[in-house]
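One structure is given here, and the rest of the page talks about it.
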Amino acid sequence: MKLLVSHASPYARKCRITAIEKGIEGIEEVHVNPVDEPEKLNHINPLGKIPCLIYGEGKTLFDSPVICAYFDSIGDGPQLMAESGPKHWAMRRHEAMIDGILDSALGLVHEFRKPPEKHYDMWINRWGCAIDRSLSQLNNELDQIQGEISTAQIGLGAAIGYLNFRLSKKHWLEPYPELSAWYEEFSNRPSMRQTEPQ
Ligand SMILES: N[C@@H](CCC(=O)N[C@@H](CS)C(=O)NCC(=O)O)C(=O)O
């Protein structure tokens, strides 16, 4: 199997953490810059985004939730997503919220790469508020997330890691001491340490 990644991509990190937690070995990580190397990517994912997985006889998957679900289905490690029922939908909801934090964070990162006079303050404010509201809600719902390792925990670890890595001027977790304590402990897992963005 080949996983197309970049070292800093939080979406790719979710997949890499999941693979480690599921005990899946032999994944070749291929580093791709989606903007500069479209020839390596666009025939696999027409959206031109990483992560992408190539498995079996040239079969491909993309979008991190899909790749994580595939790894969950083939690995020997603990089940990461409840298979059905209310727990499944509650976790899918958390997964969507956490992926949305990443989408907003990426929007901010791209915006801050522009010269200040080109910043679009309305979007900066909108994305920042979306992240804050989601972190607040996840903090309030931490009792549903804590416990056994899960898809939600992995996504949350990758998302907070990304905020700390790329948007560290703001102390995102300061208002949320419980979430902060959870992250401190979770980030000590070998899967988190092995996938730290450089
Ligand atoms: N929804 C996708 C988002 C993936 C994504 O946005 N990846 C970024 C890298 S962190 C990318 O490839 N961006 C290139 C682009 O947007 O053209 C997922 O969950 O995998």
With +1 on each Lys and Arg Cβ and -1 on each Asp and Glu Cβ, how big is the dipole of the chain about its Cα centre, in debye rounded to the nearest 20?
-> 420 debye
Of His43, His7, which has the most accessible area and how do the rest follow, probe 1.4 Å?
-> His43, His7
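Give the residue list of GluC sites (Glu not before Pro) in region 86-148 that are DSSP loop and have at most 16 other beta-carbon atoms within 10 angstrom.
Details: sites: Glu95, Glu111, Glu117, Glu141, Glu148; in loops: Glu141, Glu148.
Listed in order of number, the matching sites are Glu141, Glu148.
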Taking alpha-carbon centroids only, region 2-34 lies from region 121-136 a number of Å equal to 27 Å
Could you pull out every one of the aspartates and glutamates with an alpha carbon less than 20 Å from that of Lys170, ignoring same-chain neighbours closer than 8 positions?
-> Asp99, Asp103, Glu111, Asp121, Asp132, Glu178, Glu184, Glu196
What stretch of the chain, leaving out the sites themselves, is the longest with no trypsin sites (Lys or Arg not before Pro) in a DSSP loop having at most 13 other Cβ atoms within 10 Å?
-> 1-112
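Charges at C-beta only: +1 for Lys and Arg, -1 for Asp and Glu. How large is the resulting dipole of region 85-194 about its Cα centre, in Debye rounded to 20? Before the final figure, lay out each step's value.
Details: 13 positive and 14 negative charges, 79 e Å.
Result for region 85-194 is approximately 380 debye, rounded to the nearest 20.
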Note, region 21-36: 3J(HN,Hα) by Karplus (6.51, -1.76, 1.60, θ = phi - 60°), whole Hz, Gly/Pro = x, goes 5, 8, x, 8, 10, x, 8, 8, 8, 10, 7, 10, 9, x, 7, 8
Where the accessible area of the chain is counted over protein heavy atoms with a 1.4 Å probe, how much of it, in %, is carbon and sulfur?
-> 50 percent
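For the chain, build the convex hull from the C-alpha positions and give me its volume per residue in Å³.
Numbers: hull volume 25.5 nm³, N = 198.
Cα convex hull per residue, to the nearest whole number: 129 Å³.
Full-extension gain between Glu141 and Glu178, please, as 0.36 nm times their residue separation minus the C-alpha to C-alpha distance. Walk me through the intermediate numbers first.
Values: separation 37, 0.36 × 37 = 13.32 nm, distance 1.04 nm.
Here the answer is 12.3 nm.
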Ignoring ligands and nucleic acids, what accessible area does Met122 show with a 1.4 Å probe (Å², nearest 10)?
-> 90 Å²
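For region 85-194, build the convex hull from the C-alpha positions and give me its volume per residue in Å³. Walk me through the numbers on the way to the answer.
Numbers: hull volume 11.1 nm³, N = 110.
So the per-residue Cα hull volume is 101 Å³.
Can you divide the C-alpha Rg of region 141-198 by 2.2 N^0.38 Å and report the result to two decimal places?
1.09
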With x for Gly and Pro, the residue-by-residue ³J(HN,Hα) of region 144-151, computed from phi through the Karplus equation 6.51 cos²θ - 1.76 cosθ + 1.60 at θ = phi - 60° and given in whole Hz, is 7, 9, 5, x, 4, 3, 8, 4
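Write down Rg/Rh for region 1-48, rounded to two decimals, with Rg from the C-alpha atoms and Rh from the Kirkwood relation over Cα pairs.
Values: Rg = 11.3 Å, Rh = 11.4 Å.
Result: Rg/Rh = 0.99.
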Most fluctuating of Ser134, Ser104, Ser168 in the GNM of the chain (C-alpha, under 10 Å) is Ser168
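Between Glu196 and Arg166, what is 0.36 nm times their sequence separation minus the Cα-Cα distance? Round to one decimal in nm.
Values: separation 30, 0.36 × 30 = 10.80 nm, distance 1.23 nm.
Between Glu196 and Arg166, full extension yields 9.6 nm more.
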Within region 2-74, pairs of Lys residues whose Cα atoms are less than 14 angstrom apart, provided they are eight or more positions apart or on distinct chains, add up to 4
Per residue, what accessible area does the chain have, given a 1.4 Å probe and all protein chains present, in Å²?
-> 54 Å²
Where in region 1-41 are there GluC sites (Glu not before Pro) that are in a DSSP coil and have at most 11 other Cβ atoms within 10 angstrom of their Cβ?
-> Glu25
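The values are calculated or read from the model by the stated rules, or taken from the named source; none is laboratory data. Since the model is a prediction, treat every value here as computed from it, not as a measurement. Because the Cβ atoms are built from the backbone with ideal geometry, glycine has one as well, and the counts that use them run over all protein chains shown. Please note that ligands, DNA and RNA were not included when accessible areas were found on the heavy atoms of the full protein model with its side chains. Shrake-Rupley method; radii C 1.70, N 1.55, O 1.52, S 1.80 Å.
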